[in-house]
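As structure tokens, the structure follows; a few thoughts come after it.
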Amino acid sequence: MIRCIHLTHRFEKQLSAMRRSSKMAVAAGRKADTIINRLTANGQGPLHEAGKLSNHGERRIRHAVKFDIGKGYRMLGVKKDDELFLLFIGPHDSCAAWIENNRGVENPGDLTRIRTLPVTQGDSEPAVALDGCREPDYDDLLLARVTEQDLCVIFRGLRGQNG
């Protein structure tokens, strides 16, 4: 079951470029749109009902989901609990290179610039706005990266220490 789908900024740019590209890329982009629409229309169904999954499982990224969208193109996401993060779309070779460069990504929720799509659950009920489905607050994302050591350096003057 999927409650919400998160599209990264990079994913949306890649999909938009495919829509304006060659015939094969346009056809693959339409297939990707169809899969996304199926997923948002029925979050209860299994992922393979939304579109054809790649035959070869992806082990370099934990919980990876790779859709074969035809014409040599792939759409890659990560399923974390009941959320799906769509991270990359493009030709098979570019997808393989992206996976290799992002090997071991653990928490896709830390990504910035994400757009969230609500998912309908079951019999055309609109998705309930749940805390886990809201777009991440940019300030919270930045604060999560600040360490105790960073704070000590920044506020050294308040603690009475010089240089």
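Residues of the stretch 14-21 include none that is free of Cβ contacts under 8 Å to residues at least 60 places away in the same chain, more than 17 Å from Thr120 (Cβ to Cβ) and in contact with a Pro (Cβ under 7 Å, 6 or more places away or on another chain). Within the set Asn42, Asn37, the sole residue that is of a type in the set (S, T, N, Q), surrounded by fewer than 20 Cβ atoms within 10 Å (Cβ to Cβ), without any contact (Cβ under 8 Å) to a residue 12 or more places away in the chain and more than 15 Å from Val105 (Cα to Cα) turns out to be Asn37. Take the conditions (1) buried (at least 19 other Cβ atoms within 10 Å of the Cβ); (2) small (Gly, Ala, Ser); (3) farther than 23 Å from Ile114 by Cβ; Gly29 misses just one of them, which is (3).
Taking the numbered list (1) out of contact with any Gly (no Cβ under 9 Å at 6 or more places or on another chain); (2) closer than 20 Å to Trp98 by Cβ; (3) surrounded by 20 or more Cβ atoms within 10 Å (Cβ to Cβ) in turn, Ala50 passes all entries but (2). A count restricted to the stretch 49-108 and to residues that are closer than 19 Å to Arg10 by Cβ, touching a residue at least 40 places away in the same chain (Cβ under 8 Å) and among the charged types (D, E, K, R) stands at 7.
Going by the conditions given, is Arg60 of a type in the set (D, E, K, R), crowded, with 20+ Cβ neighbours inside 10 Å, in contact with a Lys or Arg (Cβ under 6 Å, 6 or more places away or on another chain) and over 23 Å from Pro118 (Cβ atoms)? Answer is no for this residue.
Each row is one residue, and each column tells you yes or no for (1) closer than 18 Å to Lys80 by Cβ; (2) in contact with a Phe, Trp or Tyr (Cβ under 6 Å, 6 or more places away or on another chain); (3) at pLDDT 65 or above.
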position	(1), (2), (3)
Arg103	yes, no, yes
Pro108	yes, yes, yes
Leu111	yes, no, yes
Ser124	no, no, no
Leu130	yes, no, no
Cys133	yes, no, no
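The values are calculated or read from the model by the stated rules, or taken from the named source; none is laboratory data. Owing to the predicted nature of the structure, the values given are computational and were not obtained by experimental measurement. Note that we place each Cβ from the backbone using ideal geometry, even for glycine, and neighbour counts take in every protein chain shown.
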